[in-house]
Amino acid sequence: MNKLPSNQNLVCFVIIATLAASIGILISGCAQISQGVAAVGVATGTINQDQAKSIVKTGEAFGKAMEQITPEQEYYVGRAVGATILQQYKPYNNEAATMYLNEVGQTIAAASDRPETFKGYHFLIMDTDEINAFAAPAGFIFVSRGMLKLCRSEDELAAVLAHEVGHVQDKDAINAISNSRWTSAFTILTAEAGKSLGGEQLKDLTTAFEGSISDISKKLITSGYARGQERDADKVAVKIMSRLGYDPNALVSVLQNMSTKIKPEAGFGKTHPPPGDRIKDLRSIIGNAAAAPAPAARQQRFAAAMAGV
């Protein structure tokens, strides 16, 4: 006769079943799997009723994390992320510059493959000399005063904004938040393997899925996007700029200027690949053609809006 599974083996089985569900093998049946495992455990006397409830709620939590985020949900996540950013960086009080930033930004967004988000795109200047920019979910885009001062033309500003719109188009922030939730959940499950999932462990696990947006935002701001995501956002920027008549080489020139001013261990340098690496990737996309001169009226518009920034 086969021996009944030990509690450790049962927990390991829950983890394996959940992993299978999480990678898409049994996504729709994740809760049902956990219910089945719990029922078997109780029937065989391997676990008690409280432990069975923990297993069921674990499966439900994983199923919840796999649900598709709606545009409305993304919007409220983006607002929360934006609020966290504004706790660290105050808004810059310059109406002319903010209006100009939104005019260029909305034009860029309209030319992207995701021209609409729930309640639209929003562009804001952060009052800091730090060279940085953030793209929160649903089109909340923040550009520092230092980044604006770095840009020497509207084409360069358009390049920065097009890159950030690329992150929104690809939903990089939402994907990063989802990954953070999965990482927290797996950490808890791994730590509890070999033990029973009691009330406190269950509380920690469900908190991993319903945790503070503020904490997730801080982690996102600190670690930044993966190099592949940055490369894809640059590709999107090139496409958008070409569609609007901006010179894609402006993204190269702003990166070249940036390379002389940022520090690798802080701010933008810490959360982004080295500018030289991005320039190398961009050269393979746009070639080595010389930058085209911007129309005089465009440069005058840029100079007037950026005066005093």
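One table, with the values for the structure above:
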read-out	value
Low-density loop cleavage sites - chymotrypsin sites (Phe, Trp or Tyr not before Pro) in the range 113-176, where at most 16 other Cβ are within 10 Å (DSSP)	Phe118
Filter on Lys90/Lys261; Lys90/Lys280; Lys119/Lys280 - keep pairs with C-alpha separation over 32 Å	Lys90/Lys280; Lys119/Lys280
Near-label residues of the range 114-148 by backbone N, under 15 Å of a point 7 Å along Cα→Cβ of Thr98	122-128, 141-145
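Every read-out reported here was derived from the displayed coordinates using simple, explicitly stated rules and does not represent laboratory data. Everything numeric here is computed off the predicted structure, so don't read it as measured data. Here Cβ is always computed from backbone atoms with ideal geometry, including for glycine, and neighbour counts include all displayed protein chains.
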